[in-house]
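What follows is a set of notes on a single structure, which appears directly below.
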Amino acid sequence: FTLTETTSVTLAYTFAQVGTQAESRAGVDNFKLEKFDATATSDLSWGWTSMIANAGFELGTATSNTNAVNVPYGYEMVCDFTGTGWTNSGIITDNPSEGSKAYEVWSGKITSVDMHQSLTLPMGKYTLTGDMRTDKTANITTQGVYATADGSTYQSPTITTVASTWNGADSWNDLSRT
């Protein structure tokens, strides 16, 4: 995505489960942000991930809102868990995509989750990436990473694969939006 001036930007993970699929799980990890050289003759980039609070979830969670949802440090979260059964979320250490921790939510049914934070970025061209996973092919719907700026939304493609083992090292989908 390209910013034409210094702008407040929201960076987020989003996911939703639809239909009647029970026992939904989703995981996120490893937010990254790169800024590219503004000239058309160069593809040099610089890492801006340090601008993202708790990008790899290594700092854990700060608060708990309703439904036993622990919100990671640096993020705001809007979620809707419906149906009956269990609901929980938190930091896990089983095969994160990078580092030693990742963040996961579990519920009898996840209707929607939007986990986001805002920061101010200077003009330039950026790529946002993040890793996501879910537990069942039937749960693949609108999972992705996105950025919003000046009324525009820049969304990545959604998850495409589910590993044979829910929390296996090969279960992560690397998603990005330029």
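The values are calculated or read from the model by the stated rules, or taken from the named source; none is laboratory data. Nothing here was measured: the structure is a model prediction, and the numbers come from that model. Cβ placement follows ideal geometry from the backbone for every residue including glycine, while neighbour counts extend to all protein chains displayed. We work out accessible area using only protein heavy atoms, side chains counted, and drop any ligands, DNA or RNA first. Shrake-Rupley method; radii C 1.70, N 1.55, O 1.52, S 1.80 Å.
Residues that are modelled with pLDDT under 85, open to solvent by less than 70 Å² (accessible area, probe 1.4 Å), in contact with an Asp or Glu (Cβ under 8 Å, 6 or more places away or on another chain) and on the phi < 0 side of the Ramachandran plot: does segment 79-100 have at least one? For segment 79-100, residues modelled with pLDDT under 85, open to solvent by less than 70 Å² (accessible area, probe 1.4 Å), in contact with an Asp or Glu (Cβ under 8 Å, 6 or more places away or on another chain) and on the phi < 0 side of the Ramachandran plot: present. Only a single item in (1) basic (Lys, Arg); (2) under 11 Å from residue 26 (Cα atoms); (3) more than 11 Å from the chain's Cα centre (by Cα) is not met by residue 177, and it is number (2).
Within segment 136-150, being among the β-branched types (Val, Ile, Thr) and modelled with pLDDT of 85 or more holds for 145, 148.
Determine whether residue 8 is open to solvent by 90 Å² or more (accessible area, probe 1.4 Å), of a type in the set (Gly, Ala, Ser), at pLDDT 75 or above and outside any loop (DSSP other than H, G, I, E, B). Spelling it out, it is not the case that residue 8 is open to solvent by 90 Å² or more (accessible area, probe 1.4 Å), of a type in the set (Gly, Ala, Ser), at pLDDT 75 or above and outside any loop (DSSP other than H, G, I, E, B).
Among the residues of segment 101-145, the ones that are open to solvent by less than 30 Å² (accessible area, probe 1.4 Å), of a type in the set (Ser, Thr, Tyr) and more than 13 Å from residue 173 (Cα to Cα) come to 4 in all. Taken over segment 167-178, the criterion of being more than 13 Å from residue 97 (Cβ to Cβ) and open to solvent by less than 40 Å² (accessible area, probe 1.4 Å) is satisfied by no residue. Residue pairs whose Cβ atoms lie under 6 Å apart, sitting 6 or more positions apart in sequence or on different chains, and linking a residue in segment 145-169 that is among the β-branched types (Val, Ile, Thr) to a partner that is surrounded by 16 or more Cβ atoms within 10 Å (Cβ to Cβ) and not in a strand (DSSP E or B), are 145/156; 158/143; 159/140; 159/143. Criterion first (open to solvent by 30 Å² or more (accessible area, probe 1.4 Å) and either modelled with pLDDT under 90 or assigned to a loop (DSSP other than H, G, I, E, B) (or both)) does residue 153 satisfy it? No, not satisfied. Within segment 40-69, if we keep just the residues that are in contact with a Ser or Thr (Cβ under 7 Å, 6 or more places away or on another chain) and at pLDDT 85 or above, the residue that is surrounded by the fewest Cβ atoms within 10 Å (Cβ to Cβ) turns out to be 58.
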